[in-house]
Amino acid sequence: MNEAAIFAEDVKKYYTVKVGFRKKAEIKAVDGISLIVREGESHCIVGESGSGKTTVSKLVLGLEPPTSGTLKFFGEDLKEILVDKNKLRAFRKSVQAVFQDPYSSLNPRKTIKEILEKPFKVHQIDYNSSIIESLLQDVGMVPPQAFLDRYVHQISGGQRQRVCIARALALKPKIVTLDEPTAALDVTIKAQILNLLIDLKSKYNLTYVIISHELPLLKGIADKITVMYAGKVIEQGPAKNIFSKPHHPYTIGLLESIPPPDPKTAKEKPLPVMEGEPPSPVNPPPGCRFHTRCPFATDVCRKEEPKLSEVEKEHFTACFHLRNVVQ
Ligand code: ATP
Ligand code: SF4
């Protein structure tokens, strides 16, 4: 089995926020998640808005330390990486990110060439024009020379995301986090970008952490899936199991949800089959956090919290009533 690129055990991330005069509240954005991302794997973290996915990606990028729990990268504890200048520099080089909105994550005053040169300059690494051109070539922007002197507003949305991907790959990272990498794109472009990511994963020997609220879209790219709800992991396992036999009612709901026709408005629209809203992260309901929306909920669900248990090899689900849910 491949080495664990990322190892997370009981990781929590709480934020303290002001909620009035002299009053504070704790937001449990991530509330005790565990996961292992093996080297070369595409690990997708899915859930609705507010489930804690982006917070997980910030933790993986080392942008914020966990409130508690253990987070390791290739066996090295993030706490130790964050306090050691040399380790942190190597870490920043080897863990890169692609964000949802390519337009806002690219500097409109820089040319594509300047954007792709920046990582080399920041990390004081030698580069030449053929390295920049081959990055563009690898993300399908051909001929590369035609794009070098263009500005962000002179290329399409899909091409902008290709530039973001090229920039993330510039320093040959080991891990790339992709936070809703296709959410801002049209349906046909989404598929092209996902196919490109699949090709680049093997070409560059990458490990992906993909954050998304569109579970059905991840079918071709996911190896493992972690489903989050209100800061907790409620189902986790090999993608083929989750797609062929999801066990948790929430995962089933996510799979049945069809993204709205215009993906640009996807985030604003509620999922069609999942009724109700996710609970507040300040005051999550007792028991199973999904009980306020679950058609299978009984008294025990309202009082006790279900623990993750193995339902098939490496496939875990947290639900008291699996027999009723999975028939
Ligand atoms: P989205 O898709 O909307 O980004 P998400 O699943 O990625 O949702 P997060 O962004 O991780 O969810 O947020 C989880 C919860 O933590 C939300 O209630 C959010 O408001 C809260 N949160 C995230 N970051 C902070 C912060 N820096 N300070 C306070 N609360 C935060
Ligand atoms: Fe639904 Fe109860 Fe299972 Fe939670 S534990 S998902 S409320 S049946």
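Where a number appears in this text, it was derived from the coordinates with a stated rule and is not lab data. Since the structure is predicted, the reported quantities are computational estimates derived from the model, not experimental observations. We place every Cβ from the backbone using ideal geometry, glycine too, and count neighbours over all the protein chains shown.
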Checklist line | Cα gyration tensor, region 117-185 - rounded (a/c under 1.5), prolate or oblate | finding: oblate
Notebook entry, point to check: What is the spin-label model distance, in nm, from VAL282 to LYS23 if the labels are put 7 Å beyond Cα along the C-beta direction?
Noted result: 0.7
Checklist line | region 79-233: proportion of alpha-carbon pairs further apart than 24 angstrom, % | finding: 35
Check: Given 10 Å bins starting at zero, what is the percent of C-alpha pairs of region 30-119 in each, up to the one with the largest pair distance?
Finding: 13, 40, 33, 14, 1
Note to self: Given contacts defined as C-alpha pairs under 8 Å and at least six residues apart, what's the relative contact order of the chain, whole-number percent?
What the structure shows: 20
Note to self: Just to check, using Stokes-Einstein with a Kirkwood Rh over alpha carbon pairs, what's the diffusion coefficient of the chain at 10 °C and 1.306 mPa s in µm²/s?
What the structure shows: 76
Margin query: Using Stokes-Einstein with the Kirkwood hydrodynamic radius over Cα pairs, what translational diffusion coefficient do you get for region 9-168 at 20 °C and a viscosity of 1.002 mPa s, in µm²/s rounded to a whole number?
Written below: 118
Margin query: Only four residue types carry charge here, +1 at the Cβ of Lys and Arg and -1 at the Cβ of Asp and Glu. Report the dipole size of region 26-101 about the Cα centre in Debye, rounded to the nearest 20.
Written below: 300
Note to self: Longer than 27 Å from Cα to Cα, which of LYS190/LYS245; LYS174/LYS219; LYS85/LYS307 are they? Say none if no pair is.
What the structure shows: LYS85/LYS307
Margin query: Could you tell me how far the Cα centroid of region 229-248 sits from the Cα centroid of region 58-116, in Å?
Written below: 27
Next item on the list: Using DSSP, restrict attention to beta bridges with both residues in the chain and report what percent are antiparallel, rounded to the nearest 5.
Entry: 65
Check: Once whole DSSP H runs in the chain are found, which of them have Cα atoms spread over 20 Å or more along the helix axis and a mean Kyte-Doolittle score of at least -0.5?
Finding: 187-203
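Please report, in debye to the nearest 20, how large the charge dipole of the chain is about its Cα centre when each Lys and Arg carries +1 at its beta carbon and each Asp and Glu carries -1 there.
The calculated dipole for the chain is roughly 800 debye.
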Note to self: If amide hydrogens are placed 1.01 Å from N in the peptide plane, which non-local residues have theirs closer than 5 Å to the one on ILE210?
What the structure shows: HIS43, CYS44, ILE45, LEU178
Margin query: Can you give the local net charge around GLN161? Use residues other than it whose beta-carbon is closer than 10 angstrom to its beta-carbon, Lys and Arg +1, Asp and Glu -1.
Written below: +2
Next item on the list: Given the peptides 294-306, 28-40, arrange them by the average over their residues of other C-beta atoms within 10 Å, most packed first.
Entry: 28-40, 294-306
Next item on the list: Report, in deg cm²/dmol and to the nearest 500, the calculated mean residue ellipticity at 222 nm for the chain, where each DSSP H run with n ≥ 4 adds -39500 (n - 2.57) and the sum is divided by the residue count.
Entry: -8500 deg cm²/dmol
